[in-house]
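I have placed the structure first, in the form of C-alpha cells, so that the comments after it can refer back to it.
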Amino acid sequence: MMAIQETKYIWMNGSLVDWKEAQVHVLTHALHYGTGVFEGIRAYWRDGVVYVFRLQDHLRRFYNSAKTYFMEIPYSRDELSDAVVDLLKANAARENCYIRPIAYRAFKVIGLDPSKCPVHVAIAAFPFGKYLDIDKGVHCCVSAWRRIAVDALPPDAKACGNYVNSALAKMEALRNGFDEAIFLDSHGYVCEGTGENIFIARANILYTPPTSAAILEGITRDTVIQLAGDLGYRVQERIVTRNELYVCDEAFFTGTAAEITPITGVDHRPVGDGAIGPITRELQEAFFDVVTGKNERYKDWLTPIGLL
Ligand code: PMP
C-alpha cells in the first residue's frame with residue numbers, strides 16, 4: 001500500500017481547487033452510507049507524454065454505476081474527460097499517475113433515501129507506482145468472506161459501499177500473512193480479488209469467471225482478453241472452481257491498480273511450480289507496450305497529453 005502523494009490541485013464540482021481545500025462535510029451522505037460511485041484510472045508517462053488508459057471506457061462505467069443508484073452526474077462525459085486532461089496538465093504530471101473520479105451524495109438529509117442530497121463530483125490524480133508486486137507475484141488466500149451477491153449489491157456497479165466487503169477480505173488476508181484475497185461468489189465459485197479480476201491458465205487456455213459470477217466487469221480484464229487473443233491464446237469466460245486455483249498452471253490478477261499481477265500461490269499451495277509462468281509474462285509485456293503507447297494497434301485506447 002502506498003501513502004497518497006500530494007499534488008497541487010483536485011478538480012471539484014467544476015473547478016480546480018487547491019489540494020488542501022478539497023474537503024467534504026462530516027454529514028456527507030456517502031460517508032455514512034456508502035452512496036457514491038467511483039473509478040480508478042491509470043495514466044502512464046513516457047517521453048514527454050502522459051497516456052491516460054481507456055479513459056472513455058472508465059467514464060462510461062462511471063455513468064453506468066451512477067445510473068444504478070439514480071445519481072444524476074451534473075456534468076457530461078466530455079466535460080469530465082476534459083477535466084481529467086486539465087487536471088493532469090495543471091498538476092504537471094510527469095510520472096505514472098492514478099486518477100480517481102468520484103461522484104457522491106453530499107450533505108442535505110439524514111436517512112436512507114439520498115435523492116435530495118446533491119451529487120458532487122471530484123477528480124484527484126496523484127503519482128502511483130505498483131499496487132501489488134507485479135515482479136515477484138503474490139500469495140493469496142481464498143477469503144472466508146463471500147463476494148457481495150448480485151441480488152444484494154450489484155458488484156458490476158462500482159459503488160463506494162461495495163468496498164467494505166473488499167476491505168474485510170483484504171484485512172483478513174494481510175493479517176493471515178497473505179498478500180491478497182480471492183473471493184468466492186455466493187454460489188461458491190471463484191469470483192475476483194478485492195480490487196482485481198482473476199484469470200487462470202490450464203494447458204495453454206485462459207479461463208476467467210463470467211460476468212454472472214458477481215464480478216466487476218474490469219477494463220483490464222477486457223484488455224487482457226483482447227491481447228491474449230492477439231497472441232493466439234484461447235480465452236474462455238466460464239465458471240472457475242476453487243480447486244482449479246490449486247491445480248492450474250498459472251494464475252494472475254488484472255486491474256487498473258494491479259495491472260497484471262502474477263499469483264504464485266493460493267492457500268499455501270504453489271501455483272504451477274510457484275514461479276511466474278510464461279503466459280503471464282508474455283501478457284505483462286504486451287500490456288505495458290499498449291499502455292505506454294508502444295503498440296500502434298491500440299492507440300485508440302490512449303488519451304495522450306503532451307507535457308513537454
Ligand atoms: N474487481 C474489482 C472489485 C475492482 O475494484 C476492480 C478495480 N476497478 C477490478 C475488478 C478491475 O477492474 P479494472 O480493470 O476496470 O480496473
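No value in this document is a laboratory result; all are computed from the given coordinates. Please read all numbers here as calculations on a predicted model, not as lab measurements. Heads up, the Cβs are rebuilt from the backbone with ideal geometry, glycines too, and the neighbour counts pull from every protein chain shown.
Only one of these conditions is not met by residue 161: (1) over 18 Å from residue 142 (Cβ atoms); (2) away from the ligand (no atom under 16 Å from the Cβ). Which number is it?
All conditions are met except number (2).
From the list 272, 265, which one is touching a Cys at 6+ places or on another chain (Cβ under 8 Å), within 18 Å of residue 194 (Cβ to Cβ), away from the ligand (no atom under 16 Å from the Cβ) and among the small types (Gly, Ala, Ser)? Before the answer, list the steps.
Values: 272 fails: within 18 Å of residue 194 (Cβ to Cβ).
Checking each option against the conditions leaves just 265.
Considering the range 108-145 alone, what residues qualify as being within 15 Å of the ligand (Cβ to nearest atom) and out of contact with any Ser or Thr (no Cβ under 7 Å at 6 or more places or on another chain)?
Across the range 108-145, the qualifying residues are 128, 130, 131, 140, 143, 145.
Only one of these is near the ligand (Cβ under 10 Å from one of its atoms) and part of a strand (DSSP E or B): 148, 182, 215, 198. Name it.
None of the others qualify; the one that does is 198.
Filter the range 203-212 down to residues that are away from the ligand (no atom under 14 Å from the Cβ) and either over 13 Å from residue 280 (Cβ atoms) or of a type in the set (Ser, Thr, Tyr) (or both) and give me whichever is surrounded by the fewest Cβ atoms within 10 Å (Cβ to Cβ). Please lay out each step first, then the result.
First, the residues of the range 203-212 that are away from the ligand (no atom under 14 Å from the Cβ): 203-207, 212.
Still in the list and also either over 13 Å from residue 280 (Cβ atoms) or of a type in the set (Ser, Thr, Tyr) (or both): 203, 205, 207, 212.
Values: 203: 7, 205: 14, 207: 21, 212: 12.
Only one residue tops the list, namely 203.
Considering only residues that are among the polar types (S, T, N, Q) and part of a helix (DSSP H, G or I), which ones fall in the range 32-81?
56, 64, 65, 68, 81
Which residues, taken from the range 246-274, are free of Cβ contacts under 8 Å to residues at least 40 places away in the same chain and among the small types (Gly, Ala, Ser)?
Within the range 246-274, 272, 274 qualify.
Of all residues in the range 252-279, which are touching a Phe, Trp or Tyr at 6+ places or on another chain (Cβ under 6 Å) and outside any strand (DSSP E or B)?
257, 258
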